[in-house]
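Enquirer: My questions will all concern the structure given below.
Just so you know, all these numbers are worked out from the coordinates, no wet-lab data involved. In this text, all values refer to a predicted model and were calculated from it rather than measured experimentally. In this analysis, Cβ positions are derived from the backbone assuming ideal geometry, glycine residues included, and neighbour counts consider all displayed protein chains.
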Amino acid sequence: MNKIPLSGFCPALKSRHKHLFRIMRITYMFLFAAIFCLHAENAISQKITLQGDNLSLKDYLNTIEKQTEYLFIYDAGVNVNKKISMNMVSTSIKEVLDNMSSQLGLSYSQKGSYIVLSSYKVKETSVPAVAQQKKTITGVVTDDMGEPIIGANVIEKGTTNGIITDMDGKFTLEIAPGAIVQVSYIGYNTQEIKFTGQKVINVTLLENSQDLDEVIVVAYGSTKKSSYTGSASVIKTEQLEKFSGTGFTDALQGLSTGVNVTVDANNPGAEARIAIRGITNMSGTTTPLYIVDGVPYDGSLNSINPNDIQSLTVLKDAAASSLYGSRAANGVIIITTKIGKEGTPKISVNAGWGTSDNAVGYGKKADPKQTLLLYWEGLYNDAYYYTGGYSKQDAANYANERLMGKVFHSKVSDSNGNSIYVSPFKHIDENWVLNDGNGNPYINPNLEYAWKESDWDWFGTYYSRKLRQNYSVDLSGATANGKTKYYTSIGFLDDKGYGGKDYYKRYSFNANVSSDINKWLSMGGNVRYSYSRQNSNGQTRALNYTSTLSSPYLRNTDNTDWVVSEKTGKRVYQYGKYTTGYFGAHPFGSLGDYWDNDNDESFNSSDGTEINASYYAQLTLPYDIKIKSMVNVGDNNSRSYGYSSAVWGSQQSEPYGFTILPGGGNASRSTYQVMSVTNSNILSWDKEFNQHHLNLLVGQETYSYRTQYTYGYGEGIYQLGQFEIASASDYFQASSYSDRYALMSWIAKADYNFNDRYYGSVSYRRDGSSRFSPENRWGNFWSVGGSWRLSQEKYLEDVDWIDNLSLRASYGTSGNDRLISRQSNGKAGSEYLYAYQAVYGSDNLWNQAGLKPLTFAAPDLHWEKNKQWNVATDFSLFGWLNGTFEYYTRGSDGLLYFLDFPLSAQVGDVTGKNVNLGNIRNSGVELTLGFSIFNTKKFQWRIDANVSTLKNEVTYLPTKVGFWSNVVAYYKLEEGGSLYDFWAPRFAGVDAETGYATYYKADGSVVNSTSELVREEDYVKIGSALPKAYGAVTNSFSFKNFDASFMLYYSLGGKMYCYNKSELAAIGSGRSPVWDLVKDRWTEPGDADANTPVNFFDNRSKASIGYSDYYILNNNYLRLRNLTIGYSIPKSILAKIGIERARVYFTGDNLLTFGEATKYYTDPETGISGNTYNGNSDSEGYGGGRRLYMFGVNLVF
């Protein structure tokens, strides 16, 4: 029976609207065909037959639903187990309902395809005189979006006098003077209003985040939250829409326990890294399985318009995810897109405008005068303190003689024939730096600036706020009879970021439709299309290697003006023409764009198209058996366009903009296609037997995909405006490959519920993967789970402060067949699709064809197993407090790993072998709390808080891996440690007498050179890059038409190797340090307060701080993750202009950040190894998070 219980004690019709129909989709053409071809049917006069002797009301309602298109809903007072007798043949539904209501003492109402049964009934017999004084009130009950709530309880508190709202949310009730009107509905906070004589009482109910009868989307179906035995978090569209990121991934941060979201790149279009309950493989890959509308998703997550998402369900334990078997080792995120609701068609318009900048700032470099003084000081210290034997005056003379040569290549001749230095200063033929004879320098008073500050401000030139705009329009609704629901949308995002010429553009289209064709057939489908374009520089680290004694732009030899391109009139960038120490990569050197490159600049551009279409059909057979078949096709294509300028670079020459470089330019192109097909066939049976509820599911699923990659490259482009390989003349390269993968699966699941009190579940999945040999191809994965709702026990029924209390536990397995190599730097490498096979590649010699081994065969390779325990308690207390406490362990064994061979065993390109090696365990606790602080008609305040802990541990490692390096930081992989433990010598401070950095040896002695600490025993474990705890606290407010919320996100216990602490403080040729990082340097013997060593110029490495725990920070941080302020325009105003709802808002992301890393202008969010060398991201070249500011408007027509 498809009933939905009503009222404050039973499941909500609105919840069904929100959750049960989300997974139904179809193509766009079928959408409009269905909308205009299906029509409403008025069937209240339809004839039915209802016969039975002493049967329950539930049985009769089941029979009516099978004979008609009606769906029954009822309040908690309706006893569906009460037995009556009926004998009505070929009788109208109205007559049947009249008879039934008469026998049971019920009332009913009908609208559309719903029939509401109510236990509330106003007596019509005579009443005492006091009752004659009752007053009639009317009103409407709506939600916070203004939608009517059907079936809400409206009662006179302390009496049985009450009624439920009709299909329009309206009610009429007679109450006594001074009575308290209590309004309640499942999933919403109850409201009480004192009657003071008002004739109309309109009530707005706010959602309760702990709605136990909320329907949540889970693996291969949906279930009530109260009956779910697994660990899952549900994130709704209302929570996602507060954030302004490119996609939905970064919006997940802080919204769910056990989900660690890191936004470690600031370029537009970057995707966040998501880790669900730790790391379960040796490569450090944490990407979960994404399911979109019931189908595994292989495309770019940013291609999904967040405005199309209705909800996200994060499956965290085995009971929740094991039904996805081999693909669920890293957890599962189920994305449910929007579908239409019953009622008139609605048009929603969302528009936002804003900008972005660096979330933690980038520091202020030493200005040109400060830089000159630092250079001079370094040269003076070279002579006086390092070389020795110089008097102070001789050391000063040494510095004066060498200073200009350390800054400039040489003098140039101006138009008058004078030899000058081109610099921020007007040239003078005097020493630019003077001194007092005691080693204290100062700037020559005659040295005047020739440039403005903005001319040498590299950071300020590269970073700037740019317009960001986001638009989305959707149409949704249902046909008059409610049988066909539709949703279609179109969106556009233009995010220009804040660095250089980076940008990300997305055009998206989505169409969903579902239709109940008749009583036994439902069909639907979805088509989703997106096109995106991205431009990325990825050379921002080069900004650290710039000096304020030079400019990003080229100056003329008179030092009076800036050189411009004769082709475009734009300023020309300089590549170390006048000053020394050019880094080699120019931060402005890749500011072109494949689609807009009138200045022939280098570029790194890409674009992509994604088409995903799915279709399903569901048959309802006798005995409540259902068969659902679904097919999905995904076609995802990405293309990259690379170009190195034929005009601009270190060898550029006049006339600028038209002169080709001696070597010309080069171009590269690549295409990558992923074509996937998924087919599932599911047989399910859902049945209630009095107090027993059983749901069974069996099915089969096949998944396959094919990738195709092509690459081309050519050099010697000697033409302007030509960026294709066809324009190249030399050194051509071409390559391609194609890979295939297939998975066949059998699934089964059983869920049992007794009296909404005891719950049990079991699941099983058998996967066959093409990645393993036939002998090891099949893997079996299973789970068991149980839940006990203690608050339903009789001995707790009278404990009025316990609203809900339940215990649940689960155990199960999932798997992993993805063998992703772990590179020597600890980062994830490529994926081996043919892991068990030997693979050979070409090895031609003297034009004779030949082959060489690329990988050795590994026929014994088998499934990686992930075993998970989860125990939890869910509680709701006092009417204002709710929460969940969970403990989990995740153990992975037989880890897939690429084991390196010793050099003597390596053959051809074979450097190792695919093996099953080692075990990892992740464990932790998760706590979620929600507090309803105030809940009045005018003002509401709610606090939601969560915390998650994580311990990652290698529990078995049969072979010694030992130390490994990620460029500049050292780690150690060993049993008992985590996958990313920093090891380093301990920094002992700056020697007050010499200014040298010192370090502790293992025996406690102190030395001043890391060269003496090369032995392994001198390194100590500093800590793990993985945080020990993380979470968020969110405050939400509502006052009349205003709403506001803010989230504080925190992370504790992790470590970071902060390369900016070294690089931004470095003093050397061609570099200006950030001034506040070097102002506390050692200056003279006895300087015990110095934080950084003596400043040497040519001998910097002798005294500077080498690799040690000095650079490894405690990466604890607190961030104002989001602030949102909104105002909903009163409906009385909107009604005059034909708008149903209108809201204006401001939202800001990452507005404030506190933590040790920010002292060094480093964002605390990093790649998984915690190493910020060459940027925060594991993909390298990009800094950390960014601040976003957006103003917007939401309109509903």
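Enquirer: What list of ³J(HN,Hα) couplings, whole Hz, do you get for segment 763-779 from phi and the Karplus terms 6.51, -1.76, 1.60, once you set θ to phi - 60° and write x for glycine and proline?
Expert: Once rounded to whole Hz, the list reads 9, 8, 9, 10, 10, x, 10, 6, 7, 10, 5, x, 6, 10, 6, 9, x.
Enquirer: Using every alpha carbon pair in segment 368-517, what percent of pairs falls into each 10 Å bin from 0 up to the bin containing the largest distance?
Expert: That works out to 9, 22, 17, 13, 10, 8, 8, 7, 5, 1, in percent per bin.
Enquirer: Moving on to the next point. Output ³J(HN,Hα) for segment 518-523: one whole-Hz value per residue in order, computed from phi by the Karplus curve 6.51 cos²θ - 1.76 cosθ + 1.60 with θ = phi - 60°, and x for Gly and Pro.
Expert: For segment 518-523, the Karplus-derived couplings read 7, 5, 10, 9, 10, 9 Hz, x marking Gly and Pro.
Enquirer: Still on this structure, please answer the following. For Trp353 and Asn1114, what does the FRET efficiency come to when R0 = 25 Å and r is the distance between their Cβ atoms, rounded to the nearest 0.05?
Expert: The computed FRET efficiency comes out at 0.05.
Enquirer: Translational diffusion coefficient of the chain at 4 °C, 1.567 mPa s, Stokes-Einstein with Kirkwood Rh over Cα pairs, in µm²/s as a whole number.
Expert: D = 38 µm²/s.
Enquirer: Going down the table (Lys316/Lys938; Lys411/Lys452; Lys485/Lys687), which pairs top 28 Å between alpha carbons?
Expert: With Cα atoms farther than 28 Å apart: Lys316/Lys938.
Enquirer: How much length is gained if the chain between Leu467 and Glu448 is pulled fully straight, taking 0.36 nm per residue apart and subtracting their Cα-Cα distance, in nm to one decimal?
Expert: Separation in residues times 0.36 nm, less the Cα-Cα distance, equals 3.1 nm.
Enquirer: Apply the a/c threshold of 1.5 to the C-alpha gyration tensor of segment 413-475 and tell me whether it is rounded, prolate or oblate.
Expert: Verdict is oblate for segment 413-475.
Enquirer: With a point put 7 Å past each Cα toward its Cβ, work out how far Tyr731 is from Met88 in nm, to one decimal.
Expert: That separation, rounded to one decimal, is 8.8 nm.
Enquirer: Please list, by residue number, every one of the trypsin sites (Lys or Arg not before Pro) in segment 932-1033 that is coil in DSSP and has at most 15 other beta-carbon atoms within 10 Å.
Expert: Qualifying residues, ordered by number: Lys937, Lys938, Lys960, Arg1015.
Enquirer: Please tell me the relative contact order of segment 1014-1099 in percent, rounded to the nearest whole number, where contacts are Cα pairs under 8 Å and at least six residues apart.
Expert: Here the relative contact order equals 19 percent.
Enquirer: Compute the semi-axes of the equivalent ellipsoid of segment 394-440, taking the square root of 5 times each eigenvalue of the Cα gyration tensor, and list them largest first in whole Å.
Expert: The answer is 24, 11, 8 Å, longest axis first.
Enquirer: When the helices in the chain are scored as -39500 (n - 2.57) per DSSP H run of 4 or longer and the sum is shared across all residues, what 222 nm value do you end up with, to the nearest 500 deg cm²/dmol?
Expert: That comes out to -2000 deg cm²/dmol.
Enquirer: Also, I was wondering about something else. Fully extended, how many nm does the chain gain between Lys392 and Glu975 (0.36 nm per residue separation, minus their Cα-Cα distance)?
Expert: Length gained, Lys392 through Glu975: 204.3 nm.
Enquirer: Another one. Please identify the chymotrypsin sites (Phe, Trp or Tyr not before Pro) of segment 633-670 that satisfy two criteria: DSSP loop assignment and at most 14 other Cβ atoms within 10 Å. Which are they?
Expert: Phe658
Enquirer: Between Leu621 and Thr671, what is the FRET efficiency for a Förster distance of 56 Å, r being their Cβ-Cβ separation, to the nearest 0.05?
Expert: 0.75
Enquirer: Restricting things to Cα coordinates, could you compute the convex hull volume per residue of segment 1118-1197 in Å³?
Expert: Hull volume normalised by residue count: 117 Å³.
Enquirer: If you don't mind, another one. May I ask which of Lys496/Lys867; Lys170/Lys338; Lys135/Lys236; Lys913/Lys1021; Lys47/Lys170; Lys365/Lys496 have a Cα-Cα span longer than 32 Å here?
Expert: Lys496/Lys867; Lys135/Lys236
Enquirer: Further question: Can you give me the relative contact order of the chain as a percent, contacts being Cα pairs under 8 Å and 6 or more apart?
Expert: So the answer I get is 11 percent.
Enquirer: Report the extension gain between Asn1099 and Asp635 in nm, rounded to one decimal, defined as 0.36 nm multiplied by the number of residues separating them, less their alpha carbon distance.
Expert: Fully extending the segment from Asn1099 to Asp635 adds 161.3 nm.
Enquirer: Now for a separate question. First select every other residue whose beta carbon is under 14 angstrom from the beta carbon of Asp394; then total the charges, Lys and Arg +1, Asp and Glu -1.
Expert: Once positives and negatives cancel, what remains is 0.
Enquirer: Continuing with this model, one more query. Determine which aspartates and glutamates satisfy two conditions relative to Lys865: a Cα distance under 19 Å, and not lying fewer than 8 residues away in the same chain.
Expert: Those aspartates and glutamates meeting the cut-off are Asp317, Asp767, Glu775, Asp817, Glu831, Asp893, Glu953, Glu975.
Enquirer: Between Asp98 and Lys570, what is the label-point separation in nm under the 7 Å Cα-to-beta-carbon projection?
Expert: Once both label points are built, they end up 8.1 nm from each other.
Enquirer: Right, here's the next one. Using the alpha-carbon centroid of each, what span in Å lies between segment 723-764 and segment 135-186?
Expert: 50 Å
Enquirer: Shape of segment 1002-1053 from its Cα gyration tensor (a ≥ b ≥ c, root eigenvalues): rounded if a/c is under 1.5, otherwise prolate when a/b > b/c, or oblate?
Expert: Judged from the Cα gyration tensor, segment 1002-1053 comes out prolate (a/c at least 1.5, a/b above b/c).
Enquirer: Okay, moving on. Would any residue of segment 858-875 have its amide N under 16 Å from a label point 7 Å out along Cα→Cβ of Leu790? List them or say none.
Expert: Once the point is set 7 Å along Cα→Cβ of Leu790, 871-875 turn out to lie under 16 Å by backbone N, inside segment 858-875.
Enquirer: Determine which residues of segment 960-976 fall in the zone a paramagnetic label at Lys951 would reach in this model, i.e. backbone nitrogen under 13 Å from the point 7 Å along Cα→Cβ.
Expert: Residues passing the 13 Å test: 976.
Enquirer: What area, in nm² and to one decimal, does the C-alpha convex hull of segment 278-416 cast on average over all directions?
Expert: 21.2 nm²
Enquirer: Next up: If R0 is 51 Å, what FRET efficiency do you get for Ser653 and Leu854 from their C-beta distance, rounded to 0.05?
Expert: For Ser653 and Leu854, the calculated efficiency is 0.70.
Enquirer: Quick check for me: using +1 on Lys/Arg Cβ and -1 on Asp/Glu Cβ, what's the dipole size of the chain about its Cα centre, in debye to the nearest 20?
Expert: Rounded to the nearest 20 debye, it is 3260 debye.
Enquirer: Among Tyr897, Tyr764, which comes first, second and so on when ranked by fewest other beta-carbon atoms within 10 Å?
Expert: Listed from fewest to most nearby Cβ atoms, that is Tyr764, Tyr897.
Enquirer: Among 1158-1166, 365-373, how do they line up by average Cβ neighbours within 10 Å per residue, starting with the highest?
Expert: 1158-1166, 365-373
Enquirer: By count of other Cβ within 10 Å, fewest leading, how are Met1190, Met1056 ordered?
Expert: Going from sparsest to densest Cβ surroundings: Met1190, Met1056.
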